[in-house]
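Asker: Quick one: structure below, then a few questions.
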Amino acid sequence: LGAAAQSRPPAVAGRFYPASPKALAAMVNHHLKDAPLAKLSGEVAALLVPHAGLEFSGFTAARAYKLLQPGQFDTVVVFGTCHTKPLDGAAIYPGDYATPEGVMATDQAFAQALIKAEPRYQFDAAAHKKEHSIEVQLPYLRRRLGPKAKLVAIVTNTQDLETSRALGRALADAARGKRVLLIASSDLSHYPQGGLADAADKSSLEALATLDAAFFWLTNRFLLNREIPHLAVTYCGEAAVTAVLVAARMLGANRFELLGRINSGDVVSERDYNHVVGYAAAAFTRGEGAVPAMPGLLGAEERKALLSLARKAFDQPGAPRGPAAPALWPLPKLNLPGGLFVSVYDKKGELRGCMGFASPQESVGESAARFGGAVRGDPRFGSLASADAKLELSLLSIPRPGRADEVAPGLGVILELEGREGVLLPSVWDTVKERDAFLGELCAQKLQAKKDCWKHPEAKFKLFSAENVSE
C-alpha cells in the first residue's frame, strides 16, 4: 500500500505560502536568515513548531529550523494535527509528499515499522488530502536537512491521553538507535484576545516544560475550564505534541527549551488583538541535569505571590474563598494545576488550621486564595486573629499510586479505604519519625479508624512530595 501510493500534491500552496517556487524559496530563506541561532543546553531530540500560514508563523518556526544542519538526520517524523476528519489513532501518509520545490520521499520502512508495532497507526491518505499542518513544514526541512532526508508524515486528533501515550511509545521504539528527528506541529491558543492568549500560552508552555505528558494534558483542561472568552483550544495539535513529548522523553530528552513565542496579533499584517492564535517554537533536548518538576517549579516571585494571595484571603473574614480570581494570573506558573494546603500557626508555633486539596482541583493561585480564606474557619480549631497568625503553604506534587512499604520521611500519603480518604502532609514527619506511627496517625486522625487500618488488604495509597513556603 505505502510503496504504491502516489505523491501527495500540495494542498495549500498559494494560500498558506507562495505557490511559486522562487517566491517560496525567498520567503523561507528570509525567515531562516533573520531567525537568531539559539544556544541549547543539549542536543536536539525533537522540535515544537507552529503550522499557520508562513506569513504569520514562519519566522517563529524558523527559530527551531535554524538549529538543523544538512545531513544531521536521515528521517524526519512530522506529527501534526488533522483538521478535516476525526481519528481514533494516527494516520500516516502512504506515499511521498510533493512541494512546489520538489518531492520529499517517505521512509517506508519506518512507517511500516510503526504500523506493525502499534495498530493505532494506520495508512490513511484521506486524512492528509487537505491538511496543512505537515505541508507547511516541508520547505524549511528541505532547506535545512537537504533533499536526501526522508519523511514520515503523521496526523492525529485523538482526545484520549492514553492513545497519545501509546503512539509516543511506539514512535520512540521505532526511532531508537536511528538518526531520526521528531517534530510536533501545533499552534497554541485559539482565539482569545491577545493578552489572554499570551497568558494562556505562557502557562501551557510552563506545563510542557515539566516534560510530564499527564501534567501537560491536565493543564490544558484546567485552562479551558477557566472559561476564558473565545478560548477554543490551548493547542491545535495537543495529541501530536503529547505523542512527541512521550517519545522524546523515552529517547533521553530532559529539557524543554523555548526558542520563541508570539501570537498572530504581533504580526504586522494582522494588527488584530481581539481574536488571535498563539505560535511557539521550542526544542526538546538531551543534556545533563534532572527534569524540572512540581513542586520545585515555582520561583521566589511565584512563592511570594501565593503567600500574598493566601494572606489577603485570610485577612478578609467576609470572603471565605478570598478575592475573586482573574481570568488568568499574571504569573503563568500560578495558573498551573496542583495540590495545595494552607496551614496557619499561632505565635507559639502551634498548628491552628490546615485546609487544602491533595489532588489538583484548580490552579495553585485559586487554591491559595480559596484556602487562605477557608483555613481561618477550620472547625477543628478556635479562631485566630490575623496579627497572631503565621501562614504556610504546602505545594504538592501530583500524587502517584504507591505501597505502604514505600512510605518514608519526606513523602505525604493519601490513604483510601472503604470509601473514605485521609491525607497527611510530609511535615508530619517532623513529629512522627517511624512509618508505622505515621500511618497509624493517618488512620486515627483522618479516617477515624483503628491505627492499623492501613494494613487492610483493600487499603490504597498515593504518595506525593511537598514544598513548603512560609511567611
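The values are calculated or read from the model by the stated rules, or taken from the named source; none is laboratory data. Nothing here was measured: the structure is a model prediction, and the numbers come from that model. Glycine also receives a Cβ, built like all others from the backbone with ideal geometry; neighbour counts cover every protein chain displayed. Note: accessible area is taken over every heavy atom of the protein model, side chains too, but ligands, DNA and RNA are not part of it. Shrake-Rupley method; radii C 1.70, N 1.55, O 1.52, S 1.80 Å.
Asker: Name the single residue that is nearest to P360 (Cα to Cα) among those in segment 396-411 being at pLDDT 95 or above and in contact with a Lys or Arg (Cβ under 9 Å, 6 or more places away or on another chain).
Answerer: P401
Asker: Considering only strands (runs of 3 or more DSSP E) fully contained in segment 58-130, which possess at least 2 residues that are open to solvent by 10 Å² or more (accessible area, probe 1.4 Å) and within 17 Å of P10 (Cβ to Cβ)?
Answerer: By residue number, 97-99, 102-104.
Asker: Also, quick follow-up: Which residues, counting only those in segment 423-471, are of a type in the set (F, W, Y), touching a residue at least 40 places away in the same chain (Cβ under 8 Å) and in a helix (DSSP H, G or I)?
Answerer: Listed by number, the list holds a single entry, W454.
Asker: Additional query: For segment 218-248, which residues satisfy the criterion of being of a type in the set (A, V, I, L, M, F, W, C), open to solvent by less than 20 Å² (accessible area, probe 1.4 Å) and farther than 19 Å from A91 by Cα?
Answerer: Passing the criteria: L223, I228, A248.
Asker: Now a separate question. Just the residues that are of a type in the set (F, W, Y) and more than 19 Å from the chain's Cα centre (by Cα), please, taken from segment 321-360.
Answerer: Passing the criteria: F341, Y345, F357.
Asker: Which number in (1) more than 30 Å from P326 (Cβ to Cβ); (2) open to solvent by less than 10 Å² (accessible area, probe 1.4 Å); (3) in contact (Cβ under 8 Å) with a residue 60 or more places away in the chain marks the one condition that V375 misses?
Answerer: Result: V375 fails condition (1) only.
Asker: Further question on the same structure: Would you check if P139 is in contact (Cβ under 8 Å) with a residue 40 or more places away in the chain, outside any helix (DSSP H, G or I) and within 16 Å of V28 (Cα to Cα)?
Answerer: Spelling it out, it is not the case that P139 is in contact (Cβ under 8 Å) with a residue 40 or more places away in the chain, outside any helix (DSSP H, G or I) and within 16 Å of V28 (Cα to Cα).
Asker: In the set G252, G265, which member is assigned to a helix (DSSP H, G or I) and either crowded, with 17+ Cβ neighbours inside 10 Å or on the phi > 0 side of the Ramachandran plot (or both)?
Answerer: When all the criteria are applied, what remains is G265.
Asker: Looking at segment 32-49, is at least one residue part of a helix (DSSP H, G or I), open to solvent by less than 60 Å² (accessible area, probe 1.4 Å) and modelled with pLDDT of 95 or more?
Answerer: yes
Asker: Let me ask another. Report yes if some residue within segment 386-393 is of a type in the set (S, T, Y) and in a loop (DSSP other than H, G, I, E, B); otherwise report no.
Answerer: There is no residue in segment 386-393 that is of a type in the set (S, T, Y) and in a loop (DSSP other than H, G, I, E, B).
Quick grid of which residues meet (1) open to solvent by less than 30 Å² (accessible area, probe 1.4 Å); (2) outside any loop (DSSP other than H, G, I, E, B):
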| site | (1), (2) |
| --- | --- |
| K333 | no, yes |
| V344 | yes, yes |
| G349 | no, no |
| M355 | no, yes |
| Q361 | no, no |
| E366 | no, yes |
| R380 | no, no |
